[in-house]
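Some notes on the structure that comes next.
The values are calculated or read from the model by the stated rules, or taken from the named source; none is laboratory data. Note that the coordinates shown come from a computational prediction; the quantities given were computed from them, not determined experimentally. Here Cβ is always computed from backbone atoms with ideal geometry, including for glycine, and neighbour counts include all displayed protein chains. Please note that ligands, DNA and RNA were not included when accessible areas were found on the heavy atoms of the full protein model with its side chains. Shrake-Rupley method; radii C 1.70, N 1.55, O 1.52, S 1.80 Å.
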Amino acid sequence: MSAILEQPPWSPWLLRVLLMGASACCGVLSAVSMIFFFWVLSLSARHPLLLPITLLLLPVALGVIVVGCPLWAISAACGMKLHQLEGVYAKVGADGLQLQSVHEPSPRQVEWAELEEVLKIHYPLCEPYLLKLKRGSEVRVDFVDEGLLKRHLGERGTRFQDVWGSRRETYPG
């Protein structure tokens, strides 16, 4: 008799941590390289006597920007893969929202009657939705058909709000 060895499912937590670190580091380095490049270019605009310093630093600034621009693409690619691993996708249906995630094998159903309000939170390059439930909990959703969601919320009288930092703009349904 042979025993079947069952291995626990592989958890990509290490991969997620590495992707988060790579995305953050590459993004910061890329932004710093762009800031340095434009700082060097703006030196001569501050005072005409700084033109020789600008010309001396220009090859360094060009080298920094040539290295920094691909880091932006690496940061974006890591962020996209991380979003694919972490993302929650909502499918709008007649009964409610069906939430699908990479981490959960079976989709979760949120009934329309459970929703108190929906917040669309505006961050740079990302606009997640926060579903506030009547029992006090919240669910974050990354992707949803917003037009269809607004139509269903309007039919049921549930609030939809845009949040820009601490400012809220309310749209009925």
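The table for this structure:
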| quantity | calculated |
| --- | --- |
| Viscosity 0.692 mPa s, 37 °C: Kirkwood-radius Stokes-Einstein D of the range 71-142 over Cα pairs, µm²/s | 244 µm²/s |
| Binned Cα-Cα distances of the range 13-77, short to long, each 10 Å bin given as a whole percent | 24, 37, 22, 13, 4, 0 |
| Rounded accessible area of PHE38 (nearest 10 Å², 1.4 Å probe) | 120 Å² |
| Spacing of the two label points (7 Å from each Cα toward its C-beta) at VAL17 and ALA45, in nm | 4.4 nm |
| Area accessible to solvent at TRP164, 1.4 Å probe radius, in Å² | 120 Å² |
